[in-house]
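Before any comments, here is the structure.
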Amino acid sequence: MTGILLATIKVAYLVLMWLFILFVANTIRGDLIGRTVTNGGIVAAGLKQAARKRREKPKRRELQHLVVVAGNQTGTRVDLPGALVLGRATDSGFDLDDDYASSHHARLYPQDDGRWVIEDLQSTNGTYVNGVRIVQPTLVGAKDVIRIGRTQLKLER
């Protein structure tokens, strides 16, 4: 009985060790190769509204893009399909490559009048607009700088 128990513990230990090695290898691969930016992340309730907005021709003055102006992904430009979750998780609408960002750090969404709102999702390090930490949903425009970790973002037309 003791021999079978000892053999089971050894096998379980080896399985856990291999899972850890695979996790580390996947993390290193993501750091070396990089992560892809997707336009997903639309909230399920707003899916129909976002599809309708994509079919409509955007107004000339609407803010349509989110651009990284400082940080690891400087120059990255993402179309704004509607609500967008920002964070390090791969299922986020915009996958931030920033060690100081939470997995689901903040949410950016449009109001009915076309203005954009950013909301902190109880992140560890907070979300800042123009250098001020936000504690409630805050309106943002083309002149505002959004900071998540070391990454700075702006809305553009």
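Values for this structure:
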{"quantity": "Global geometry of region 61-111, whether rounded, prolate or oblate, following the gyration tensor of its Cα atoms and the 1.5 cut on a/c", "calculated": "oblate"}
{"quantity": "Most to least packed among 2-9, 110-117, 70-77, 144-151 [average Cβ atoms within 10 Å]", "calculated": "144-151, 70-77, 110-117, 2-9"}
{"quantity": "Karplus-derived 3J(HN,Hα), 6.51/-1.76/1.60, for each residue of region 130-136, Hz, glycine and proline x", "calculated": "6, x, 10, 5, 8, 10, 9"}
{"quantity": "Taking region 63-154 and dividing mean pair separation by its residue count, relative contact order in percent (alpha carbons under 8 Å, at least six apart)", "calculated": "26 percent"}
{"quantity": "Under-5 Å amide H pairs with T76, H placed in peptide plane, nonlocal only", "calculated": "V68"}
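All of the numbers you see were taken from the coordinates with simple rules; none came from a lab. All of these numbers come straight from a predicted model, not from anything done at the bench. Cβ sites come from the backbone with ideal geometry, for glycine too, and all protein chains shown count toward neighbours.
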